[in-house]
Amino acid sequence: MGFAEKLVQTMSVRKIIKMGHPTLRQKAKPLQKRDLTKVRFKNLLSDMVDTLRDYGGVGLAAPQINEGIRVVIIEIRDANLRYGVQELFPLTVFVNPEIELIDSQTEGFWEGCLSIPGMRGYVERPQNISVSYINELGEGDTLELHGFPATVLQHELDHLDGVLYVDRMKDLRSLSFEDEWARYLKKN
Ligand code: ZN
């Protein structure tokens with residue numbers, strides 16, 4: 001096994017930076033297609049998947065592990081269902097994603113963020129979107145997302161522009177600690 005292959009297999013859980021870290025307020029840079037074939041990118045992707053699963057989230061943007069590039073991953077697994085998530089979503093890699101709204105229908109969800117641990121806030125977002133992106137193989141792709149996955153992708157895409165869900169809240173009075181949220185606000 002060569003050195004490069006060994007690197008690909010060296011996966012690790014990275015530290016997720018929290019609100020207050022300047023990287024979370026910066027605009028991330030697009031990747032070039034040629035960057036996607038590099039071992040460094042493959043390692044970053046492995047780290048992002050390991051980190052997302054270890055922290056038990058449904059989405060992760062590269063800036064959350066202090067990498068200022070436009071890469072987002074989303075995965076909704078059985079393990080996430082305890083958070084009240086209804087739909088599963090296979091692991092998907094979005095490089096340089098661009099969103100278009102299909103219509104103006106919005107819905108609110110109690111969002112959380114691995115960079116704002118232990119809190120929830122109510123955010124309304126468009127529910128029918130189309131996303132154009134480059135996948136992990138370097139191929140251009142588009143996907144339509146509806147409902148919760150559409151909300152998750154918009155939340156993650158905001159991270160690429162230095163925006164956090166608290167910026168999207170119409171009323172900061174709904175910002176809650178998770179235990180109080182689960183007790184008083186969560187709909188069962
Ligand atoms: Zn987040």
Within segment 95-113, what residues put their amide N at less than 13 Å from the label point 7 Å along the Cα-to-Cβ vector of S130? 98-103
At 222 nm, what helix-only mean residue ellipticity would the chain give, in deg cm²/dmol to the nearest 500, using -39500 (n - 2.57) for each DSSP H run of four or more? -6500 deg cm²/dmol
I'd like the Kirkwood hydrodynamic radius of the chain, using the inverse of the mean 1/r over distinct C-alpha pairs, in Å. 17.1 Å
Total charge dipole magnitude, the chain, about the Cα centre, Cβ charges on Lys, Arg, Asp, Glu only, Debye to nearest 20: 660 debye
Proximal lysine pairs in segment 12-185, meaning Cα under 26 Å and 8 or more positions apart or interchain, come to 14
Cβ density ranking, 10 Å radius, fewest first, applied to T151, T51 yields T51, T151
In whole Hz and in residue order, list the ³J(HN,Hα) couplings for segment 114-130 that follow from phi through the Karplus curve 6.51 cos²θ - 1.76 cosθ + 1.60, θ = phi - 60°; x for Gly and Pro. 5, 8, 10, x, x, 10, 9, x, 8, 10, 9, 9, x, 10, 10, 9, 10
Once the dipole of segment 12-185 is set up from charges on Cβ (+1 Lys and Arg, -1 Asp and Glu), the residue from the list M19, P97, S132 lying farthest towards its positive end is M19
With a Förster radius of 25 Å, plug the Cβ-Cβ distance of S12 and V166 into 1/(1 + (r/R0)^6) and report the FRET value to the nearest 0.05. 0.30
Tabulate in residue order the Karplus-calculated ³J(HN,Hα) for segment 19-33, using 6.51 cos²θ - 1.76 cosθ + 1.60 with θ = phi - 60°, rounded to whole Hz; enter x for Gly and Pro. 3, x, 6, x, 4, 5, 10, 9, 7, 7, 8, x, 9, 8, 4
Just rank V39, V49, fewest to most, by other beta-carbon atoms within 10 angstrom. V39, V49
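Just so you know, all these numbers are worked out from the coordinates, no wet-lab data involved. Bear in mind that the values here come from a model prediction, so they are computed numbers and not experimental data. No Cβ is skipped: glycine too gets one built from the backbone with ideal geometry, and neighbour counts run over all protein chains shown.
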